[in-house]
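Beneath this line is the structure, given in C-alpha cells, with notes to follow.
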Amino acid sequence: MRQFILAKSVATDVNDLTKLADGAVGIFYDNDGVLTLASTKNKVTKEASLVLGRSAELGGPVVLPLYKNDFSFVRGNYAGSTQFTATYKVPAPTYIGDYSIIVVLKGVDFNVRNKWTASVHVTDTSMTAADLAAKLAKAIENNSVSSGVTATVAGDTITITADKKGVDYEIKGADALFGVDATEQTPGHVAYGDAAYVKDLADKAAADAGFSNIWSLQDCIETLYEFGNEDQHSRFIPRICAGETMSMDLTEPDAGSDLQSVMLKATYDEENKCWRLNGVKRFITNGDAHLHLVLARSEEGTKDGRGLSMFIYDKNDGGVDVRRIENKLGIHGSPTCELVYKNAKAELCGDRKLGLIKYVMALMNGARLGIAAQSVGLSQAAYNEGLAYAKDRKQFGKAIIEFPAVYDMLSIMKAKLDAGRALLYQTSRYVDIYKALDDIARERKLTPEERQEQKRYSKLADAFTPLAKGMNSEYCNQNTYDCIQIHGGSGFMMEYACQRIYRDARITSIYEGTTQLQTVAAIRYVTNGAYSQILQEYGMYPVSAEMQPLQDRIKSMVCKFDACTNAVKEAANQELLDFVARRLYEMAAVCIMSHLIIQDATNAPEMFSKSALVYVNYAESEIEKHFNFIRKFTEEQLDNYR
C-alpha cells in the first residue's frame, strides 16, 4: 500500500526528523528552519506540508506541501489564476492495494469532501513504476475535469500543471506517528487514552479504511503490555513506537467465530528453549506485520478453549509464509493474508491455557472498539459525500437536498452518526477509567473504593463494547447504502467515492465478531438488568429545557424495553430468548444512544440539537417496532422460522 493520506498527528513536537517510520503521517510547517507539527484539533491553520514516511528501500519519504501560495480546493475545482507545476517520482508498487494522492482544502476538517483525489488500484505487484505513473496521471486528469489541471508522464515521473494557484512537491522527514497507544513508561513517547485513540482512528478511517486498519493494529501492543513480562515490554514496545506493525492471528480455515476450535499447534522446543508453531491462519489483517500475537493450541489432547495459549511471533525470526493475499470486496489498502506457520519460533505471552479465555477476550474488546471507531469514520465519510452531492446535484430546477425524501435521508444519517459517535466515546471513557485503575494496581494496592470503582468501570466497558461495535457497524452500512441512494445512478459508477466507502463498510459488521456475536456478548446485560440500571441512571441526568421533552419520551421507551425483557424472561424458553435477542439488544442500544445524544445536545446545542430530535424520533419508531413484535410473538411461532 502506498497511501498518501492526510491525517492528524498525535505525536509530540519533533525537531530531529532523521528517523523515518514507514506509514507515519504528519503535518509540518517551517518554523524558522525547524519542522514543527502543525495541527489544531482537526484543522491545519498554517502553510504546511503533509509528510508520509517511507524507508529508503521503498523510495524515501513523500511530502505534499499544503496551502502554499494560497492553494485551495472546493468540490474538485482548483481556485485562483496562477499557473504552477509540480513533479512527483512514482515508486514501483510493492503491495496490492490503492495508490493515491489526496489534497485537502485549507482550513477545513481533514475528512470533509473538499479534496482532490487521484487513485489507482494495483492487483499485480510486478507492475513497473512507469506503468503506475501512467495510470495515476490518467486518474489525475479524469478526476480534475474542468479544473485546469493536466498531467504528463516521462518514465516514472509525473508532471502536474495547472492554471491555478497551487503547490510544489518537496522532500522532508516524517514524524513517528506509531506508538500513540504505548504505555507512559516507554521512553520518548507520551501515552494517550482510548478516547483520544478512537477519535484519531475514526478520522483516519474517514479518509481511508484500509490505512486505518494498518495504523490501528498497533493497539495490539496493549495486550502485550497488559499480559507480557518486563523483558517482552522492553524488547517489543519500543519497536511498535518506532513504527513497526502488528497483527493478531486468530482465525483459521475451520475456526472463525468458534475460536475454541483453533488447532494451530504449539510445541515446546527443549533444545532451543522456545516454542514452535505449525499450522495455518486465515483472514489475517496486516498478515505480513513485524510482530504477531498468535492464538495456538499448547496443550496436547485438548479440543476446547482451555488448551489454547497466546504467543508472540517476530517476523525477523522467519518460519511463516504468506501463502495468499485475499482478493477482497473492500479495504484494498489493507492486506488480508493466509499464513502458513512452518516450525516458526515463538515465545509465550502470559500464562499457558489463558490464551482464549483471558487474553484474546481482552484483545478482541480492544479490536472491537477499534472497528466501532472505523465504522464512525466511514459513516462520517458517507455523510460528507451524500451531503455534498445533494447540494450540488440539481433536478427539476433546484438542488436535490431541498426535496424532503433526500433531506430526510441525510438527517437520519447525521443523527445515526452523532448518536453512534456518542456511544463510541462513552465506551472508550469507561475503558480509560478501568485501565487507569489497572495501571495504578501495578504500582500499589488499590483501596476498597478504588477496587469497587475498577470493577464497576470494567463491567461498563464490557457491557458497552458490543453495543458500540455492533450498532456503529450496522449504522455504517446503512449510511453508506443511503449515500449511494442519494447519488442515484452516479453512485453505482466506480468514479465516485461513495462506492469505495460502501465496499469498505461492508466488512465492519463481520470482522472482529459479527453483529450476531455482539448480540450474544451483550444479551446477558439485558437479562441481568445491567442495561436497565444504566438507563435509570442516565434518566436522572440533568438536561436542558429544550431536551427535557425528549428525555421524557426516552423514559417511556425504556419502560417498553423493560416490559419486553421481563416478558421474554418470564417465558423461560432459551430458544425464544436467542430468537428475540437481537431485538432486545437494539432496544437497549437505541435507548442508551438517545440518552447520550440529548446529553451532547445539552452541552453543545448548536451542534447536536437537531440530531437529538431526529435520533429520538428514529429510536422511538425502532422501539415501537420491536415492542410490537416481541409482545405479540409466542414460542409456538418459532416453527414458522425454523
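Using a basic spin-label model with each label point 7 Å from the Cα along Cα→Cβ, how many nm lie between residue 392 and residue 451?
6.1 nm
Run the numbers for residue 340 and residue 323: contour at 0.36 nm per residue of separation, minus the present Cα-Cα distance, in nm.
The residue 340-residue 323 span can extend by a further 5.5 nm.
Compute the distance in nm between two label points, each set 7 Å from the Cα along the Cα-to-Cβ direction, one at residue 230 and one at residue 485.
The modelled label-to-label distance comes out at 5.9 nm.
If I model a spin label as a point 7 Å beyond the Cα along the Cα-Cβ vector, how far apart are those points for residue 641 and residue 438 in nm?
So the label points at residue 641 and residue 438 sit 3.5 nm apart.
Taking a label point 7 Å from the Cα of residue 617 along the Cα→Cβ vector, which residues of segment 464-488 have an amide N closer than 19 Å to it?
Under 19 Å, as judged by backbone N against the label point of residue 617, lie 479, 482-483, 486 of segment 464-488.
Provide the net charge surrounding residue 486, with neighbours chosen by a C-beta distance below 12 Å and charges set as Lys +1, Arg +1, Asp -1, Glu -1.
-2
Relative contact order of segment 412-504, please, whole-number percent, based on alpha carbon pairs below 8 angstrom and at least 6 residues apart.
For segment 412-504, the relative contact order is 29 percent.
No lab work stands behind these numbers, since they all come straight from the coordinates. Here the structure is a predicted model, which means the values were calculated and not measured. Reconstructed Cβ throughout: ideal geometry from the backbone, glycine too, with neighbour counts over all protein chains shown.
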